[in-house]
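Colleague: Okay, handing you the structure first.
Just so it is clear, none of the values below were taken in a lab; they were calculated from the coordinates. Nothing here was measured: the structure is a model prediction, and the numbers come from that model. Don't worry about glycine lacking a Cβ; one is built from the backbone with ideal geometry, like all the others, and counts go over all protein chains shown.
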Amino acid sequence: MEIVFLGTGGGRFNLISQIRRTGGFLIRGSLNIHADPGPGALVACHDFSIHPEKTGAVVVTHNHIDHLNDAALMCEAINCFPDRKRGILVASKSILAGDEYGERGISPYFTKKLSRTEIARQGKPIKIGGATLTPTPVRHEDMTGFGFVLDMDGARIGYTSDTEYFPSLAPHFLHCDILIANNLKSGADGVPGHLYSATTVKLLTACHPRLCVLSHMGQSLLKSGPGKEARKIQKASGVRTVAATDGMRVDVRTLRVKK
Ligand SMILES: [Zn+2]
């Protein structure tokens, strides 16, 4: 079982400049689950030797374009042999039922080809094959967004998605083997809605995963140096922390990182 990072950049400037890719990540186990396939996810699959048609489920945590853009493409990829419906999409209410403008993030043209769609709701774990995805709360612009804890093949993987820190967040990520933290910024800049290094330390200190992987890194963090930020976070939290790079793979059992 492994996690492949198809994009590790975050924030508007990085999204447009593509200094880091924005394709989300793929959890490859008994089921292949693609989380937050942002712009370039499909291209990244090919660049990193991933077969997109072997994806079993797509998870889109909120309706921001850096998480959502290639989701319809991935639904197409799952159904490139349209002999029967296949694949599962788990997404926020804003994406599947409509946002404040009444718009859906993914058209029914794509979702009707899937075998199942599920709106993620707090307190309602979702069975995906033999895996269980438990939505976790966020404080972010899309109030229907979510992070998740995935229990699959005897491992537990946490993903914060985009959220600022709040004290009741940490208990949701207890007992994780790996926690993927969308640590957008190196420091506070007065704009709420995202984790930055000091708040990621607070989160890790309270939930103690075996490994934390920083991703969704924005311009300030990339300038400051992702490796330096990871070392700083590791020293302050006592949790082993690495900064993801595009194409990086993590073996979920051994926690070995291959860049
Ligand atoms: Zn967002």
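Colleague: Is segment 195-213 home to any residue that is in a loop (DSSP other than H, G, I, E, B), farther than 22 Å from A91 by Cα and of a type in the set (K, R)?
Modeller: Yes.
Colleague: Taking segment 142-177 as the search range and keeping residues that are within 16 Å of the ligand (Cβ to nearest atom) and among the hydroxyl-bearing types (S, T, Y), which one is nearest to L211 (Cα to Cα)?
Modeller: Step by step, filter segment 142-177, then rank; the result is Y159.
Colleague: For segment 130-141, check the following and say yes or no: at least one residue is in a loop (DSSP other than H, G, I, E, B), touching a residue at least 24 places away in the same chain (Cβ under 8 Å), more than 16 Å from the ligand (Cβ to nearest atom) and not β-branched (V, I, T).
Modeller: yes
Colleague: Name the residues in segment 202-229 that are crowded, with 22+ Cβ neighbours inside 10 Å and within 23 Å of L6 (Cα to Cα), would you?
Modeller: Passing the criteria: P209, C212, V213, L214, S215, H216, M217, G218, L221, E229.
Colleague: Another question, if that's okay. Report, by residue number, each residue of segment 230-245 that is assigned to a helix (DSSP H, G or I), farther than 14 Å from H208 by Cα and out of contact with any strand residue (DSSP E or B) (no Cβ under 6 Å at 6 or more places or on another chain).
Modeller: Across segment 230-245, the qualifying residues are R231, K232.
Colleague: Would you check which residues across segment 81-139 are of a type in the set (S, T, Y) and more than 16 Å from the chain's Cα centre (by Cα) and list them?
Modeller: Once the filter is applied, which keeps residues that are of a type in the set (S, T, Y) and more than 16 Å from the chain's Cα centre (by Cα), segment 81-139 yields S94, Y101, S107, Y109, T111, S115, T117.
Colleague: Looking at segment 7-30 only, could you name the residues that are touching a strand residue (DSSP E or B) at 6+ places or on another chain (Cβ under 8 Å) and farther than 26 Å from A155 by Cα?
Modeller: Result: G10, G11, N14, L15, Q18, I19, R20, R21.
Colleague: Within segment 1-117, which helices (runs of 4 or more DSSP H) (wholly inside it) include 1 or more residues that are in contact (Cβ under 8 Å) with a residue 12 or more places away in the chain, polar (S, T, N, Q) and within 26 Å of G130 (Cβ to Cβ)? Let's see the steps before the verdict.
Modeller: On the way: elements: 12-17, 41-47, 65-68, 71-78, 93-96, 108-111.
Fully inside segment 1-117 and qualifying: 108-111.
Colleague: Only one of these is surrounded by fewer than 16 Cβ atoms within 10 Å (Cβ to Cβ) and under 22 Å from A35 (Cα atoms): D162, D251. Name it.
Modeller: Exactly one residue qualifies, and that residue is D251.
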